[in-house]
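Here is the structure we will look at.
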Amino acid sequence: MLFKLSYQNMKKSIKDYTIYFLTLVLGVAIFYMFNSLDSQQAMLQVSQSQREIIKLMISMLGMVSVFVAIVLGLLIVYANNFLINRRKKEFGIYMTLGMGRRQISKIILMETIFVGIISLVIGLVIGVFASQFMSILVAKMFEADMSEFQFVFSKEACIKTGIYFAVMYVFVMFFNTITVSRYKLINLLNANKKNEAVKIKNPVISVLIFVLSATILGFAYWKVTGDINAISEMKKLLPPILMGVGGTIGIFWSLSGFVLQIVQKRKKIYLKDTNMFVLRQINNKINTMVASVSVICLMLFMTITILSSSLALRNTMQTELIEMTPVDLNLYKTANLPESGPNLFGKIVHYTKEQQEDSRIPIKETLKNNGFDMKKLKDIIEITIYTDQNVTLKTFFGDQIEEIQKQYAMLTYNTPESIVKISDYNKIAKLYGIPQYELKDNEYMVLCDFSSMEQVRNKVLQDGNNPLIIAGKEYQSKYNECKEGFIMMSTSHTNAGIILVPDNCAFVEENKEQQLFVANYQANTEEEKQEIEALFSSSDSGFVQNLANNGLDIDGFTKISLIEASLGIATIVTFIAIYLGIIFLIASSAILALKQLTDSSDNKQRYSILRKIGCDEKMINKSLFRQIGIFFGMPLILAIIHSIFGVQFAINVMSGLASKKDLLPSIIATIVVMGVIYGAYFMATYFGCKHVIREEE
């Protein structure tokens, strides 16, 4: 009997609460897709370093999945709460017929198991097929060979998904049992007649709270975008975050206190069609859902910001990779090593006689001495990078140092500047295919393409009078701004500053800081390039072993390694962002949809009254559409406003990695994702509510 009753109730729930099942199915499918990458990557033809990056990504996605499971679990509990509250009268009738709370709990338990099994099976089927497209996406991001592509089912991901969702449903069943045990018969039978308590707010106080909340939000926006010191330390981020949360709650709390009164004074608007009914319904919803709507707004804000900024990061890194990796090889080593000295961490290091001697010869000679075949390289250029202890950021900023230190406290001002002779730079610039420059005997110029640092330096250079004493001689800046350029390859524009000086600058041996070696591989095919690459990257390489045996160390990077690392970082960030963004979006949309469906079911009597006073179905549907549109639109509009500043903050934090010029494509992609998922929930809610209010009483 209980089994049959549970089965019939489940069929009815599928018909009336499609949103709930849709959310469960999507949750299962997405969870499986992102956790099946360990099986998908096995068929990709990628290098060893890329395989390690994919393993790291899978590990990070596994940790993120725990958080995702918690979000989905809370969403399922929230949805069940709405569904059970909707059925209070039904449970009351069961109790009047002699059914006890334990039997009602068993019915709910069976229904939950039915729902869980169906959603899990359907979600896994969708996830298995969708994960095949995920494989193609991963292959495209890593530029992998898909010649051995085949259909893959991940047993591990399936088991993991089943376990996670089983744990979620155990908590749901526990929650349902506790909820039913607290029911009283009189409350169950009168549930449909009991309205949510709505407190009338003072419109004057509401307006004051609205203005105060808007002011707080405005100040928070300025702190994260206009005040650069706000992002210099993580502890300074907490106040703007708290202000954003508090301001959001204040906005929604105050709206229901004065908007209705304002519209009521505009009789032509308020009394037109069913506007009176729509506005009062929305006012009551916002009034009773301030916390929920605020959380939804913040989740939508995180979705928009995470997706936009992460996609912009990937677009920028892909665009700049080609520009910033013009050759195959960069090697560099410290020149003129002393007997001992501090390393990067301040620890005193003692250098051997062999290391000191090697630091005084060109890198080309070091390669030859350690058994490297120089015929494998071409377009070889080697230059010296100089420093002068009297030329630091502090001396560069001159009279403006105090003002700049207040604004940019995070910079290290006593670090010597890197200095390169103009002819040496032009040799590299010609090979790189970037602009070359000329200088007079008394001129210098600054190369800088790291955007935030470029802005700081330009504040000093724009005055046109910033002399520097270099190697005992005074030089004037040729330009009143930094020029773009670089000497070492990178994954993006990260050159924080290089000073170019004339060739006759009188450097001494002690001024030599580093030697830079630039070359291309003598290879025509990708396989030949990989063979030469292995000579530098593999620990089994005879050349690398010779360096280790002689206690020598040459730092550097190759075009191949930079591209693989960049693709890996961008892919990891993008995948995690998509994962979290979609989950937040589904959770936000589902909560709004379930609330609207439940309210529509509770308000069937009100729609019946509209019909009785002469409203036709077209007018009722129009009012329903506007009501749902406003309900879905309010948190989205404020989330978009938050995101305008949130994305700017994210781009500032990732300065040099993500560019504002790449925001437009990422914003368009975010709009598409938001439009598909949020729009789908909106339309599903609208059609679901239409079905609910048409039911016979």
Discussion item. How much of the pair distance distribution for the range 276-367 lies past 18 Å, counting alpha-carbon pairs only, in percent?
Written reply: 74 percent
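Hey, which of these cross-link pairs are over 21 Å Cα-Cα: K622/K690; K483/K512; K333/K421; K353/K375; K285/K622? Can you show the working numbers first?
Working: K622/K690 10 Å; K483/K512 24 Å; K333/K421 18 Å; K353/K375 29 Å; K285/K622 18 Å.
Where the Cα-Cα span goes over 21 Å, the pairs concerned are K483/K512; K353/K375.
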Discussion item. If you count only protein heavy atoms with a 1.4 Å probe, what accessible area per residue comes out for the range 511-652, rounded to a whole Å²?
Written reply: 40 Å²
Worksheet item: If r is the Cβ-Cβ distance from N621 to V653 and R0 is 45 Å, what FRET efficiency results, to the nearest 0.05?
Response: 0.45
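Out of the GluC sites (Glu not before Pro) in the range 435-480, which ones are loop residues according to DSSP with at most 14 other C-beta atoms within 10 Å?
E438
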Discussion item. When 1/r is averaged over all different Cα pairs and the result inverted, which Kirkwood radius in Å belongs to the range 406-497?
Written reply: 14.2 Å
Practice prompt. Run a plain Debye calculation on the range 306-452 (Cα atoms as equal point scatterers, no solvent) and give log10 I(q)/I(0) at q = 0.10, 0.22 Å⁻¹, rounded to two decimals, same order as the q list.
Written response: -0.57, -1.35
Response to the item:
L242 and I381 label points (each 7 Å along its Cα→Cβ direction) are spaced in nm at 5.4 nm
Practice prompt. Could you sort out which of K155/K559; K368/K473; K268/K612 sit more than 26 Å apart by Cα distance in this structure?
Written response: K155/K559; K368/K473
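The values are calculated or read from the model by the stated rules, or taken from the named source; none is laboratory data. What you are looking at is a predicted structure, and each value in this text was computed from that prediction instead of being measured. Neighbour counts are summed over all protein chains in view; Cβ atoms, including those assigned to glycine, are modelled from backbone coordinates with ideal geometry. Surface accessibility is based on the protein's heavy atoms, side chains included, excluding ligands, DNA and RNA. Shrake-Rupley method; radii C 1.70, N 1.55, O 1.52, S 1.80 Å.
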